[in-house]
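The values are calculated or read from the model by the stated rules, or taken from the named source; none is laboratory data. Predicted, not measured: the structure shown is a model, and the values here were computed from it. Positions of Cβ are generated from backbone atoms using ideal geometry, with glycine treated the same way; all protein chains shown enter the neighbour counts. Note: accessible area is taken over every heavy atom of the protein model, side chains too, but ligands, DNA and RNA are not part of it. Shrake-Rupley method; radii C 1.70, N 1.55, O 1.52, S 1.80 Å.
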Amino acid sequence: MMMARIAAEFSRHHHSYEGAALAQARIAVGLAEGIFSHISTARRVLELGHGTGLLTRQLARLNSGDIWLNDLVAPLPQLAWPGQGRVYPLPGDAAACDFPRDLDLLASASMLQWIADPRGLLAKAVRALRPTGLLALSGFGPDNFPEFSGWGLPRGAPSYLNAAGICDALPAGMEGLVLRDETITLQFESAEDLFAHLRASGVNGFAAGRLSPGRLRGLMREINAAGPPTLTYRPSYCIARRS
Ligand SMILES: C[S@@+](CC[C@H](N)C(=O)[O-])C[C@H]1O[C@@H](n2cnc3c(N)ncnc32)[C@H](O)[C@@H]1O
């Protein structure tokens, strides 16, 4: 049920995602910089939850071989993949599909929070790495969108993990290279703008989407009465090497 809702929300808002995903664009760049500080080439790469390709376009800067691109619903992003490498689609639920083996890099940005069993997915990810292969992930911490609780809204996604939480969920035999939590605060002119942002980035259905139109209008009046609202993202980054 949850999976069906996640698929429906991201599919419905795929076209508006990049216009709204200011935080996720910064996160993709931050994760890529962490990756590039440890490797400059990769023969075999898998990306989970590619979405519109914010991280994929960063990964194309690797002097790369082949890449497998996974997403639950998003069509393959348009991109020029460098060199002789090929792009292989791997559509479907990352928890259910077979990963290619012997990977130099498995990367995923802003997707882990949607996974019901992150520990299971991470164990599967690590098995797909070759020895010394890199796992590079970003998610969001448990204090993501702290504004929601003040507005009486549910948390948004099922699996919020900070950097230490991602690290704890990794199987034994991984050497942590980057563990970092960050805060990105977006400022909006009004509650209407903020909810439009949530809708465009595919998160609204998990927050305000359950409110009746009347209750939502009341909530927006309350929020606006307190002044221009903010939305605080708490991205978490974990890059680790398989020993
Ligand atoms: C917030 S978007 C992030 C997209 C992209 N990585 C970025 O940084 O902008 C989350 C993406 O994860 C995908 N997703 C969610 N659950 C998934 C699952 N179980 N398996 C594969 N992809 C999933 C969604 O379809 C969506 O495209």
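A few remarks follow.
- The H on the amide N of ILE115, modeled in the peptide plane, is under 5 Å from the matching H of SER159, each at least 5 residues off or on a different chain.
- Based on Cα contacts under 8 Å between residues 6+ apart, the chain shows a relative contact order of 22 percent.
- Taking every DSSP beta bridge that has both ends in the chain, the antiparallel portion is near 50%.
- Apportionment of accessible area to carbon and sulfur, region 124-220, percent (1.4 Å): 53 percent
- Rolling a 1.4 Å probe over the heavy atoms of the protein chains gives region 58-160 an accessible area of 42 Å² per residue.
- Computed 3J(HN,Hα) for region 62-68, one whole-Hz value per residue from the Karplus formula 6.51 cos²θ - 1.76 cosθ + 1.60 where θ = phi - 60°, is 6, 6, 10, x, 8, 10, 9, glycine and proline marked x.
- Accessible area, probe 1.4 Å, largest first, for residues GLU189, GLU175, GLU147, GLU47: GLU189, GLU175, GLU147, GLU47
- For GLY133, the residues whose amide H sits under 5 Å from its own are ARG242, ignoring neighbours fewer than 5 places away on the same chain, with H placed 1.01 Å from N.
- Contact order normalised by residue count of region 159-243, Cα under 8 Å, 6+ apart, percent: 56 percent
- Taking the C-alpha atoms only, the angle from helix 2-12 to the longest principal axis of the chain is near 80 degrees.
- Chain lengthening between SER40 and SER149 when straightened (0.36 nm per residue, less Cα-Cα): 35.1 nm
- For region 1-133, the relative contact order is 24 percent, taking Cα pairs closer than 8 Å that sit 6 or more residues apart in sequence and dividing their mean separation by the residue count.
- Apportionment of accessible area to carbon and sulfur, region 1-98, percent (1.4 Å): 54 percent
- Using alpha-carbon coordinates, inclination of helix 118-127 to the longest axis of the chain, degrees: 20 degrees
- In loop segments of region 94-128 as defined by DSSP, the trypsin sites (Lys or Arg not before Pro) with at most 16 further C-beta atoms inside 10 Å of their C-beta are ARG101.
- Estimated vicinal HN-Hα couplings, Hz - region 93-108 in sequence order (Karplus 6.51, -1.76, 1.60; Gly, Pro = x): 5, 4, 5, 9, 8, 7, 8, x, 9, 6, 7, 7, 8, 10, 10, 7
- Less than 5 angstrom separates the built amide H of TRP68 from those of VAL45, LEU46, GLU47, TYR88, all sequence-distant by 5 or more or on a different chain.
- 0 to 90° range, to nearest 10: angle between helix 191-200 axis and the chain longest Cα axis: 30 degrees
- Rounded if a/c under 1.5, otherwise prolate or oblate - region 14-139, Cα gyration tensor axes: rounded
- Per-residue HN-Hα couplings for region 24-40 [Karplus 6.51, -1.76, 1.60; θ = phi - 60°; Hz; x = Gly/Pro]: 5, 5, 5, 5, 4, 5, x, 5, 4, 4, x, 5, 5, 6, 10, 9, 10
- Percent of Cα-Cα distances greater than 30 Å, calculated over the chain: 24 percent
- Furthest towards positive pole of dipole, SER37, SER16, ALA136, structure part region 7-142, Cβ charges: SER37
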